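The values are calculated or read from the model by the stated rules, or taken from the named source; none is laboratory data. Keep in mind that this is a model prediction, so the values were computed, not measured. Positions of Cβ are backbone-derived with ideal geometry, glycine not excepted, and every protein chain shown enters the neighbour counts. Surface areas here come from the heavy atoms of the whole protein model, side chains and all, with no ligands, DNA or RNA. Shrake-Rupley method; radii C 1.70, N 1.55, O 1.52, S 1.80 Å.
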Amino acid sequence: MNLHAVGIIGTGKYVPERILSNQELEQMVETSDEWIVTRTGIRERRIAAPEQATSDLAYEASLGALQAAGISAEDLDLIIVATITPDTSFPSTACLLQDKLGASKAAAFDLSAACSGFIYGLATASGMIASGMYKHVLVVGAECLSRITDYTDRNTCILFGDGAGAVVLGRVPEGRGFRSFQLGADGSGGELLKVSGGGSRLSPESGAAVKGNFIQMAGSEVFKFAVRIMGGAAEEALEKAGLNKADIDLLIPHQANIRIIQSALNRLELPEDKCMINLDKYGNVSAGSIPIALAEAVEQGRVKEGDTLVLVGFGGGLTWGASTLIW
């Protein structure tokens, strides 16, 4: 199977208009702008309007990606939406998006791997195109994390925001496109970052389900895991591709915490100008983080033809994923 001939042919992003600043959070919980910026690097995050759901954010991002790819929704064979905040348990957000786009020929499903979901989605879509099964696949990372964030919990409410990023995958010239994927999971760490409500474990009648509907995180444990896994997964993806650290033109990491990103940069011996960082504006958008950062890097002219990109993320599950590609 030749993965080298599959790549990203269009990118798009959408973030809601409403900005939630650190100063606003100071009025809500016992925290400060200085504390948040020093420890996380986040200054503000976007919050979906009451009438917006994840599929609405995904739709806007997808329109941008389709336009950039120069194809119509009718040309799509498959839609994958990576999300932990679907509009509903079912139908899937991908099916709702398929209908909104008018992508009547496309199969559609959601993928749940938390903040690693977009990389998992890329790996899935890439394999399907490489096998000859499909020609064009839309992969979206979209979240309305504000709906599952407890704004009385100062440990989590400072971190998360809403938004969506989308890419269209298709055939690209030889020597371009995806060179490797490195995916991993450690279910023994599932308790460290979770939303326990809304599934079959806790019934809606259970009092525990109410609190369980919000993100619960063992912050220091997740931080230690992330610092260890982020650089390591990127190194393994590079090795699989026959590349080394010096080949990286741009690192696009999951935007969770500036200190985690800096630790990855140190391990990969990269200067900060070779890294796309936008978490100061958007916070942690889970599956949306990497595709939003990628689309923004393309918008800013930071991605040029022939560049070597490394995408890397980690998340609840625990999960992680990295990919190398030649743009």
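A few points about this structure:
- Of all aspartates and glutamates in the structure, the ones whose alpha carbon falls short of 18 Å from that of Lys105, not counting any fewer than 8 places away in one chain, are Glu74, Asp75, Asp77.
- Simple spin-label estimate for Glu174 and Gln27 in nanometres, 7 Å along Cα-Cβ: 6.2
- Positive dipole terminus of the chain, leading residue within Leu183, Cys115, Ser196 (C-beta point charges): Leu183
- For segment 204-308, size of Cβ-based charge dipole, Lys and Arg +1, Asp and Glu -1, in debye: 360
- Calculated from backbone phi, Karplus (6.51, -1.76, 1.60) coupling profile of segment 222-228 in Hz, x at Gly/Pro: 5, 4, 4, 4, 5, 4, 6
- Fraction of the pair-distance distribution of segment 1-142 above 19 Å, Cα-Cα pairs, percent: 57
- Over segment 60-110, the fraction of Cα-Cα pairs per 10 Å bin, rounded to whole percents and listed from the shortest bin up, is 27, 56, 16, 0.
- Exceeding the 22 Å Cα-Cα cut-off - candidates Lys135/Lys274; Lys274/Lys304; Lys224/Lys304; Lys194/Lys240; Lys281/Lys304; Lys13/Lys211: Lys135/Lys274; Lys224/Lys304; Lys194/Lys240; Lys281/Lys304; Lys13/Lys211
- Relative contact order of the chain, defined on C-alpha pairs under 8 angstrom at six or more residues apart (%): 26
- Choice from Val310, Val140, Val222 with maximal GNM fluctuation in the chain (Cα, 10 Å cutoff): Val222
- Amide H to amide H distances under 5 Å link Gly163 with Glu143, Leu145, where only residues 5 or more positions off or on other chains count and H is placed in the peptide plane.
- Rounded to whole Hz, the Karplus (6.51, -1.76, 1.60) HN-Hα couplings of segment 100-108, x for glycine and proline: 4, 7, x, 8, 5, 8, 8, 6, 7
- Euclidean distance between Cα centres, segment 12-33 to segment 92-130, Å: 29
- Highest mean packing comes first when the peptides 96-108, 188-200 are listed by Cβ atoms within 10 Å, giving 96-108, 188-200.
- For segment 179-259, carbon and sulfur atoms together expose 51% of the accessible surface, with a 1.4 angstrom probe and every protein chain in place.
- Per-residue Karplus couplings for segment 266-277, computed as 6.51 cos²θ - 1.76 cosθ + 1.60 with θ equal to phi - 60°, are listed in order as 4, 5, 8, 6, 10, x, 5, 6, 9, 10, 8, 10 Hz, Gly and Pro entered as x.
- Overall, the chain carries a charge dipole of about 520 debye about its Cα centre when +1 sits on the Cβ of Lys and Arg and -1 on the Cβ of Asp and Glu, all other atoms neutral.
- Carbon + sulfur, % of accessible area of segment 14-151 - ligands and nucleic acids excluded, 1.4 Å: 51
- Over all projection directions, the Cα-based convex hull of the chain averages an area of 15.7 nm².
- Residue with peak Gaussian network fluctuation, the chain [Cα springs, cutoff 10 Å], from Cys144, Cys115, Cys157: Cys157
- About its Cα centre, segment 135-174 has a charge dipole of approximately 180 debye under the convention of +1 per Lys or Arg Cβ and -1 per Asp or Glu Cβ, with nothing else charged.
- Inter-part distance where segment 59-90 and segment 249-327 are each reduced to a Cα centre, Å: 21
- Over segment 231-327, accessible surface divided per residue gives 32 Å², non-protein components excluded, 1.4 Å probe.
- Distance-filtered residues of segment 43-74 - backbone nitrogen under 14 Å, label point 7 angstrom along Tyr151 Cα→Cβ: 45-51
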